[in-house]
Amino acid sequence: MKIVDFILIVKEHLLSWQTDLTNREQKLIRCLLQLFYEIDLNGNGILEWDEFTNFIIEKATVLNNIKTKQDEIKSYTLSTTKLQFKAASVLKSDEVKSESASIQPKFFNAINKVLYIPDIDRVAFYQEGSDKIYFMNHESGILNSKELTIIPKPLSVELSSVKKEQDGTIKIEKKEAVIDRKTIILDMYYIKDKKYQILLTSSNDGYVRGWRYTSNGFVLAMQPNNANESLEHHFKNDIYCLEWDGVNELLYCGQKDGQINIWNLKTDTESSLDRDSHNKVIMDMIAMPKLQFLASAALDGILILWDTLNYKKKRVYKEHKRGIVSLAFNESLILLFSGGFDHDICVWNPYIGKKKLKKN
């Protein structure tokens, strides 16, 4: 619908709008013009059905939030909590003693990721290039004594030795040797759904593993529908990014080569999205199961919106000039946020193909 048609149609439904207003016709047309431009997000001068319905949904959501005042901007202040490394003998509290017994790292690298685990009320984090996940009391800053170390399966190799016997015959002996390996954590994600309550990790040995909390700390979990098999899956390529779809109970796994695989934890089966995806490392993903969308961002500077019904690309956004490193989604306002190395933050409406706002 063009702007002239829009004004003529809407005017017919506003015959009783402020009839005693001075210059009513002129002011009404000005308001309708402003409304049209607000709805026409792609700016092509034509009002499309997707734009109109999305505008109605968005305005209704915003008005509801204003009434409840639940989504007002809150003020945040820096706490005085600092990460501490204390010997158990120095501490008097029995609870603190049990948490801080032997955590004394010799050095500390950059922290790659931090997440809060509500079921144990601890903050989990890991360092760059590390195979360990530490758990911190967010009020005291003290670390638990039981960190999680990702130990990969040992590498089994066959060694051959050649020996010459006294009679001149050559004898070849073969034996199997086991070589221990060390791995590096690439990402972690906690599923807080009561059905799972599992900490997921990906590492550079190609594995994604699930861990369950016990009195002895985190231990390797069992598959949801098979108590005899460990919850771990090996992928051909290393997984750099994890995202959980709680409605469909699927784990999206972003690879170094830009492809996205899907791991069904219940059946331990693997599938993939459209192979025509990113061409660089996937840095972040956001599942929007209620909208049946998945957003993925990579170092190629591209943001892709996927239709999770057919695993095909819905929209491709190319506003960022450099790699995108972070995504966030506000479900109540239906807004997707992306931030990248170009120092830009873009705000997107998943229903349309053009950004709503860009902030440098």
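The values are calculated or read from the model by the stated rules, or taken from the named source; none is laboratory data. From a predicted model like this one, the values you see are computed outputs, not experimental measurements. Ideal geometry is used to build each Cβ from the backbone, glycine not excepted, and the neighbour counts take in all protein chains shown.
For the reader, a short list of remarks on this structure follows.
- Near pairs, Cβ below 7 angstrom, 6+ apart or cross-chain, from the range 294-316 (in contact (Cβ under 8 Å) with a residue 60 or more places away in the chain) to any residue that is surrounded by 19 or more Cβ atoms within 10 Å (Cβ to Cβ): T308/F293; T308/L294
Results for (1) out of contact with any strand residue (DSSP E or B) (no Cβ under 6 Å at 6 or more places or on another chain); (2) more than 27 Å from G210 (Cα to Cα), shown as yes or no for each residue.
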| position | (1), (2) |
| --- | --- |
| H278 | no, no |
| M283 | no, no |
| K290 | yes, no |
| F293 | no, no |
| E319 | no, yes |
| F329 | no, no |
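- Verdict on K163 being within 21 Å of the chain's Cα centre (by Cα), surrounded by fewer than 18 Cβ atoms within 10 Å (Cβ to Cβ) and over 27 Å from A287 (Cβ atoms): no
- Annotation: of all residues in the range 181-226 being touching a strand residue (DSSP E or B) at 6+ places or on another chain (Cβ under 9 Å), surrounded by fewer than 19 Cβ atoms within 10 Å (Cβ to Cβ) and small (G, A, S), the one that is nearest to S326 (Cα to Cα) is G206.
- Qualifying strands (runs of 3 or more DSSP E) (wholly inside the range 197-248; at least 1 residues being within 21 Å of S130 (Cβ to Cβ)): 198-203, 207-214, 217-220, 232-234, 239-245
Table: residues versus (1) at pLDDT below 80; (2) touching a His at 6+ places or on another chain (Cβ under 9 Å); (3) within 30 Å of L143 (Cα to Cα).
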residue	(1), (2), (3)
K2	no, no, no
I7	no, no, no
K11	no, no, no
I29	no, no, no
Q34	yes, no, no
W49	no, no, no
L91	yes, no, yes
S98	yes, no, yes
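- The one condition in (1) in contact (Cβ under 8 Å) with a residue 24 or more places away in the chain; (2) crowded, with 19+ Cβ neighbours inside 10 Å that F135 fails to fulfil: (1)
- Residues of the range 215-247 that are in contact with a Lys or Arg (Cβ under 8 Å, 6 or more places away or on another chain) and among the acidic types (D, E): E232, D238.
- Test: residue in the range 261-283 that is of a type in the set (G, A, S), out of contact with any helix residue (DSSP H, G or I) (no Cβ under 9 Å at 6 or more places or on another chain), surrounded by 15 or more Cβ atoms within 10 Å (Cβ to Cβ) and closer than 23 Å to K153 by Cα: no
- G254 surrounded by 20 or more Cβ atoms within 10 Å (Cβ to Cβ), in a loop (DSSP other than H, G, I, E, B) and within 16 Å of the chain's Cα centre (by Cα): no
- Per the listing L303, L335, the residue uniquely crowded, with 16+ Cβ neighbours inside 10 Å and either touching a helix residue (DSSP H, G or I) at 6+ places or on another chain (Cβ under 8 Å) or modelled with pLDDT of 90 or more (or both) is L303.
- G246 passes every criterion in (1) closer than 19 Å to L115 by Cβ; (2) buried (at least 19 other Cβ atoms within 10 Å of the Cβ) apart from (2).
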